[in-house]
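The values are calculated or read from the model by the stated rules, or taken from the named source; none is laboratory data. Just so it is clear, the model here is predicted, and its values are computed rather than measured. Methodologically, a virtual Cβ is constructed for each residue, glycine included, from the backbone with ideal geometry; neighbour enumeration extends over all protein chains shown. We work out accessible area using only protein heavy atoms, side chains counted, and drop any ligands, DNA or RNA first. Shrake-Rupley method; radii C 1.70, N 1.55, O 1.52, S 1.80 Å.
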Amino acid sequence: MKRWVCILLCIMMVLALTGCGSDNSSAKKNQANGVEQVLQEGMAAADGRQVGVNEGAPKPEVKKGDDTVLSKTKGIDVDLTTLSSTMVYSEVYNMLSCPEDYKGKTIKMEGQFVSYRDEFQGIDYYACVIMDATACCSQGLEFVPTGKYSYPEDFPSDGDMVTVIGKFDTYMEGDYEMCTLRNAEFSVQ
């Protein structure tokens with residue numbers, strides 16, 4: 001998004017410069033050099049660098065699958081409990097939008113426990129729901145508990161705050177790809 005804004009600004013600068021041109025060929029040459037400089041500065045800004053400051057610095061190496069480590073806990077790949085409410089909401093949205101980036105990762109999250117019984121299929125669903133910073137919107141992740149829990153004895157009441165840890169995975173339900181935390185363990189806060 002940042003890159004497109006920079007490119008758009010560069011194009012607007014080019015249009016502004018060409019609208020003020022004259023018939024003098026040396027003015028046109030200076031104008032072309034100015035346009036080129038503006039474009040280079042815009043592209044450098046889109047790259048996250050400041051012209052003149054980090055000009056010669058090598059670009060950071062990005063490795064496939066090398067994500068920002070969100071966890072400070074050993075064995076947890078993505079620890080949502082350490083993030084602000086806005087970041088947690090954004091990260092869960094990202095998980096639901098791009099599940100392939102999270103498959104197989106161990107996720108830790110805190111939120112409200114919610115259960116649902118599908119009477120037609122006889123299936124119980126459990127989820128950990130988080131709110132955004134203004135508490136107007138909510139998102140959640142379904143989780144499938146390990147076999148050591150038995151419903152309803154070992155489960156909290158709907159609305160209780162829980163911490164859930166599980167492996168991120170997806171499955172198909174009809175035509176829809178669903179996200180879940182498998183082999184999840186949870187505790188009531």
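A compact table of results
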| item | result |
| --- | --- |
| Segment 117-139: number of residues that are more than 17 Å from Gln189 (Cα to Cα) and assigned to a strand (DSSP E or B) | 7 |
| Residues of segment 163-181 satisfying the condition of being part of a strand (DSSP E or B), open to solvent by 80 Å² or more (accessible area, probe 1.4 Å) and free of Cβ contacts under 8 Å to residues at least 60 places away in the same chain | Met172, Tyr176 |
| Tabulated pairs, segment 120-143, first touching a residue at least 24 places away in the same chain (Cβ under 8 Å), second among the polar types (S, T, N, Q) and exposed (fewer than 13 other Cβ atoms within 10 Å of the Cβ), C-beta under 8 angstrom, 6+ apart or interchain | Asp132/Thr86; Ala133/Ser84; Ala133/Thr86 |
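Each row is one residue, and each column tells you yes or no for (1) in contact with a strand residue (DSSP E or B) (Cβ under 8 Å, 6 or more places away or on another chain); (2) within 18 Å of Arg182 (Cβ to Cβ); (3) at pLDDT 95 or above; (4) among the acidic types (Asp, Glu).
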| position | (1), (2), (3), (4) |
| --- | --- |
| Leu96 | yes, yes, no, no |
| Lys103 | yes, yes, yes, no |
| Thr106 | yes, yes, yes, no |
| Glu110 | yes, no, no, yes |
| Tyr116 | yes, yes, no, no |
| Glu119 | no, no, no, yes |
| Thr134 | no, no, no, no |
| Cys137 | yes, no, no, no |
| Gly140 | yes, yes, no, no |
